[in-house]
Amino acid sequence: MAQLSDRLNRLAPSATLAMSQKSSEMKAQGIDVINMSVGEPDFMTPDFVKEAGKQAIDDNYSKYSPVPGYPALRKAIAEKLKRENGLDYAASEIIVGTGGKQGVCNTILALVNPGDEVIIPAPYWVSYPQMVKLAGGVPVIVPAGIGQDFKITAAQLEAAVTPKTKLVILCSPSNPTGSVYSEEELGELAEVALAHDGLFVLSDEIYEHINYIGGHSSIAACPGMKERTVVCNGVSKAYAMTGWRLGWVAAPEWIVKGLGKLQGQYTSGTSSVSQMAALAAYEGDQSCVAAFRETFRRRRDLIVSLAKDIPGLEVNVPQGAFYLFPDCSAFFGRSDGKRVIRNSTDLALYLLEEGHVATVGGDAFGAPGCFRMSYATDDASIKEALRRIKDVLSRLE
């Protein structure tokens with residue numbers, strides 16, 4: 001009988017994509033589903049970025065691009081890092097890839113050997129542990145609950161490090177929680193990393209610009225950490241360019257060369273048209289980024305106020321990204337007379353099937369007491385979704 005490789009059989013399917021698919025199937029049946037499961041801005045790509053993509057087609061950017069990306073784009077990314085983050089990178093320390101996801105996965109494949117341990121704070125983005133398993137590594141999960149705003153402490157990190165630890169994955173602002181590590185908190189984590197030779201940090205900063213605390217801090221900017229940090233970022237969230245599939249990595253040159261070697265064997269260079277659009281995004285007027293952020297901030301305030309009005313939900317105030325991650329464990333063991341809610345996955349299915357609101361259970365994020373809602377949608381949909389959620393949760397006794 002045909003059988004997939006052990007490598008693939010170790011992996012779990014993406015829960016976020018699975019829930020989005022299930023909601024799409026229900027919509028196709030004529031059911032009015034509000035989809036709050038997708039991590040995608042609902043804005044359109046800014047016009048000046050789209051025009052740059054069209055111009056690139058007219059200018060015949062239709063050939064293979066260099067594996068690490070066009071020099072002009074790599075230079076623009078380096079300038080962005082200097083201008084916005086105070087980080088000095090040469091273009092040779094930057095590689096462009098097919099989405100931020102590829103940058104994260106390539107980094108793990110490039111640095112992690114079979115048996116190496118990778119520390120992953122929980123809640124985590126669903127793909128991190130799966131990528132570590134793909135590389136033959138061992139995910140080491142460090143939990144951080146809502147009481148500590150879903151952020152691990154330096155003491156927790158130190159306690160998790162062993163002689164086998166190779167990598168720590170940080171995501172700030174966070175998917176799924178919206179939590180943001182402060183400069184002081186990152187400095188404390190950096191001290192732990194620097195105390196252990198051969199320990200690197202993968203800093204996923206894809207939500208950098210959707211930040212409500214006045215400025216983004218990167219652990220790479222902490223003294224001594226630039227040589228220990230791999231920064232993964234891209235244009236998908238800040239510029240509403242998810243479908244353009246363009247991300248990048250900034251890291252020590254020896255790591256970037258390794259990423260280029262890996263990328264050259266299975267995807268080669270990123271879409272030439274997307275690269276020219278991304279170049280325009282970084283070099284153009286940044287007012288669109290500020291406008292997107294302010295809209296998300298207003299939606300954050302709306303959904304937090306509505307969620308806090310639902311008895312049984314414990315809600316904190318996310319400082320970035322566009323997710324709310326309430327604790328729903330008070331509903332475990334309750335029933336509507338037809339089904340019993342045993343965990344957050346049960347709750348998410350209940351909200352979808354009874355309330356027609358698609359969310360994602362926290363089990364997939366390493367936080368089984370919570371569930372994720374994306375507020376990357378319009379105000380009316382947020383209000384109606386939270387009304388439905390409040391209604392169906394009130395039926396559980």
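The values are calculated or read from the model by the stated rules, or taken from the named source; none is laboratory data. Please read all numbers here as calculations on a predicted model, not as lab measurements. Positions of Cβ are generated from backbone atoms using ideal geometry, with glycine treated the same way; all protein chains shown enter the neighbour counts. Heavy atoms of the whole protein, side chains included, go into the accessibility calculation; ligands, DNA and RNA do not. Shrake-Rupley method; radii C 1.70, N 1.55, O 1.52, S 1.80 Å.
Of note:
- Residues in the stretch 263-297 that are in contact (Cβ under 8 Å) with a residue 24 or more places away in the chain, open to solvent by 50 Å² or more (accessible area, probe 1.4 Å) and in a helix (DSSP H, G or I): GLU283, ARG293, ARG297.
- Among residues of the stretch 124-135, those that are part of a helix (DSSP H, G or I) and touching a residue at least 40 places away in the same chain (Cβ under 8 Å), counted: 6
- Listed by position, the helices (runs of 4 or more DSSP H) enclosed by the stretch 15-123 that each have at least 2 residues that are under 17 Å from the mean Cα position of the chain (by Cα) are 15-28, 100-111.
- Scanning the stretch 349-382 for residues that are in contact with a helix residue (DSSP H, G or I) (Cβ under 7 Å, 6 or more places away or on another chain), touching a residue at least 60 places away in the same chain (Cβ under 8 Å) and assigned to a helix (DSSP H, G or I) yields LEU352, GLY362, ASP363, ALA364, ASP379, ILE382.
- Members of the stretch 298-320 found to be assigned to a loop (DSSP other than H, G, I, E, B) and at negative phi, listed by number: ASP309, ILE310, PRO311, LEU313, VAL315, ASN316, VAL317, PRO318, GLN319
- Residue in the stretch 55-95 that is farthest from LYS257 (Cα to Cα), counting only those that are basic (Lys, Arg) and surrounded by 13 or more Cβ atoms within 10 Å (Cβ to Cβ): LYS80
- Number of the exception - LEU306 against (1) aliphatic (A, V, I, L, M); (2) more than 30 Å from TYR70 (Cα to Cα); (3) touching a helix residue (DSSP H, G or I) at 6+ places or on another chain (Cβ under 6 Å); (4) open to solvent by less than 20 Å² (accessible area, probe 1.4 Å): (4)
- Tally of residues being in a loop (DSSP other than H, G, I, E, B), within 24 Å of ALA364 (Cβ to Cβ), open to solvent by 60 Å² or more (accessible area, probe 1.4 Å) and of a type outside the set (A, V, I, L, M) across the stretch 1-14: 2
- Some residue of the stretch 228-248 being surrounded by fewer than 18 Cβ atoms within 10 Å (Cβ to Cβ) and within 19 Å of GLU93 (Cα to Cα): no
- Qualifying residue in the stretch 192-210 (condition: open to solvent by 40 Å² or more (accessible area, probe 1.4 Å) and touching a residue at least 40 places away in the same chain (Cβ under 8 Å)): no
- Restricting attention to the stretch 314-336, the residues that are under 14 Å from SER394 (Cβ atoms), open to solvent by 10 Å² or more (accessible area, probe 1.4 Å) and in contact (Cβ under 8 Å) with a residue 24 or more places away in the chain total 3.
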